[in-house]
Amino acid sequence: MNELRSRTVAGLGGLSLAVQERGRAGAPTVILVHGYPDNHHLWDLVAEHLEADHHVVTYDVRGAGESGVPNGRSGYRMEALVADLVAVADAVSPDRPVHLVAHDWGSIQSWAAVTDPDAAPRFASYTSMSGPSLDHVGAWIRARMRPGNGHWRELLNQATHSWYIYAFHTPFAPFAWRHGLARLWPMMLERREGATVDENWPGTSLATDAARGVDLYRANIFQHTRRLGKVHTEVPVQLLVASADAFVTPSLVDGMEELATTFVRRDVGGQRWLPRSRPDQVARWVSEHVAAVEAEAKPAGRRPSPVVVTGAGSGIGRSVCLAFAERGAHIIATDLSADAAEHTAELCRLAGATAEFHQLDVTDGSAMEALAAKVGAEHGAPPWWSTTLVSEWQGASSTPPMTTGSRSSTSTCGGSSAAHSTSGA
């Protein structure tokens, strides 16, 4: 483990921010921003995986941990949070943009930062978890107030997950944290989230930090979700969507790709506190995103050919992925089981290839079209391989033929649409 270095940075109004640095000098700087009701120790397990190849920075946001406390609710406004983040970036990496990674309220404020034309140039990339842009949330709510297409059902479903926001606008919330909830919180995180709790996290200042931190909600939620107009960023964004998030439903982040020119969404298994339940995987996803952005900033070499494989979670599909991986392709593994597809993608990375995964039901035509559009936008028009079709190769060849100049077409196999490649080769 690299030595942890602590320092103080002046945020907006001179408020003291406790900053921690570790990792390799000269490497890409990654700033990890925690949310509510956490402190910087949320990221300890992720930082351990990142520090060998990155300059890793964490800090306690205003009102939390060892940082200073604002005077009043106005000190928690979004403008102050963004100014603090920029101050930290300027202090730890004055000459190069930083890679931003954020969770929960850290993610909400980071969306405000990367969509701010003045702040955005400080950031090379952004990885977001469990904290959507409040501007997006406002637009999402307004769109779903219109009847039809299940809009009201989605709105009601999210409302049942967002009950705590209304509770935080009552005097009861700070009282609850100070009189019992803080003692129960670590056990709830362990049992319900599968999160790793230790002597530093959630931390001894939890009750006080959480009671104060409700002003994040009171100072920002309704003010920002009521704003009209669109926001956008040129910062490359990676969105990690926890499928079992207790507070942010996957549908709430639908449409967020419109906020960024370069956008990758990963729907992953797990619950809200991914940095504490799946720290190794979070670190890997962050590393891949950072590496891809850093590579784009250098003179471009020949990019690996992308290949999409359906039914990639096991059997023939996994074998096809590994065969293409050995030939240097970029693998896009899809399967009905997200966990199985993710495992295949990891095996392809171990084989030296780049890989990503997506949950996909090939009987769902709209899902197939949506993924095809997403992959096409990000990679061009790669070949698609269906396990129904590649089974013809079994026994004839252990490696399916690599195609060039392929285009996508659709055939019906057993009553379901299966995308596959056609080639003039």
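List of remarks:
- So ASP267, is it touching a His at 6+ places or on another chain (Cβ under 6 Å) and either surrounded by fewer than 18 Cβ atoms within 10 Å (Cβ to Cβ) or of a type in the set (Asp, Glu) (or both): no
- Residue in the range 243-263 that is surrounded by fewer than 21 Cβ atoms within 10 Å (Cβ to Cβ), within 19 Å of ALA355 (Cα to Cα) and not β-branched (Val, Ile, Thr) present: yes
- The range 355-377 - residue that is assigned to a helix (DSSP H, G or I) and of a type outside the set (Gly, Ala, Ser) and, of those, farthest from SER251 (Cα to Cα): VAL375
- The residues of the range 184-196 that are surrounded by fewer than 17 Cβ atoms within 10 Å (Cβ to Cβ) and either without any contact (Cβ under 8 Å) to a residue 24 or more places away in the chain or assigned to a helix (DSSP H, G or I) (or both), listed by number, are LEU184, PRO186, MET187, MET188, GLU190, ARG191, ARG192.
- Filter result for VAL241 (in contact (Cβ under 8 Å) with a residue 60 or more places away in the chain and not in a helix (DSSP H, G or I)): no
- The range 157-166, residues that are assigned to a helix (DSSP H, G or I), surrounded by 11 or more Cβ atoms within 10 Å (Cβ to Cβ) and within 24 Å of the chain's Cα centre (by Cα): ASN157, GLN158, ALA159, HIS161, TYR164, ILE165
- Selection count where residues are touching a strand residue (DSSP E or B) at 6+ places or on another chain (Cβ under 7 Å) and hydroxyl-bearing (Ser, Thr, Tyr), scope the range 36-84: 3
- Test for ALA377: is it without any contact (Cβ under 8 Å) to a residue 60 or more places away in the chain and either surrounded by fewer than 16 Cβ atoms within 10 Å (Cβ to Cβ) or in the same structural domain as VAL309 (by TED's automatic domain parsing) (or both): yes
- Among the criteria (1) part of a helix (DSSP H, G or I); (2) modelled with pLDDT under 95; (3) of a type outside the set (S, T, N, Q), the one HIS169 does not fulfil is (1).
This table checks each residue for (1) in a helix (DSSP H, G or I); (2) among the charged types (D, E, K, R); (3) more than 20 Å from SER110 (Cα to Cα).
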| site | (1), (2), (3) |
| --- | --- |
| ARG178 | yes, yes, yes |
| ALA182 | yes, no, yes |
| ASP198 | no, yes, yes |
| TRP201 | no, no, yes |
| THR208 | yes, no, yes |
| ARG218 | yes, yes, no |
| PHE222 | yes, no, no |
| LEU228 | no, no, no |
| VAL231 | no, no, no |
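- Members of the range 46-57 found to be buried (at least 21 other Cβ atoms within 10 Å of the Cβ) and not β-branched (Val, Ile, Thr), listed by number: ALA47, LEU50, GLU51, HIS54, HIS55
- Leading residue by the ranking (surrounded by the most Cβ atoms within 10 Å (Cβ to Cβ)) among those in the range 338-372 that are under 20 Å from the mean Cα position of the chain (by Cα) and farther than 15 Å from GLY269 by Cα: ALA355
- Matching residues in the range 1-18 - criterion: being assigned to a strand (DSSP E or B) and within 20 Å of GLU79 (Cβ to Cβ): VAL9, ALA10, SER16, LEU17
The values are calculated or read from the model by the stated rules, or taken from the named source; none is laboratory data. Not measured: the values here are computed from a predicted model. A quick note on method: Cβ atoms are made from the backbone with ideal geometry, for glycine too, and the neighbour counts reach across all protein chains shown.
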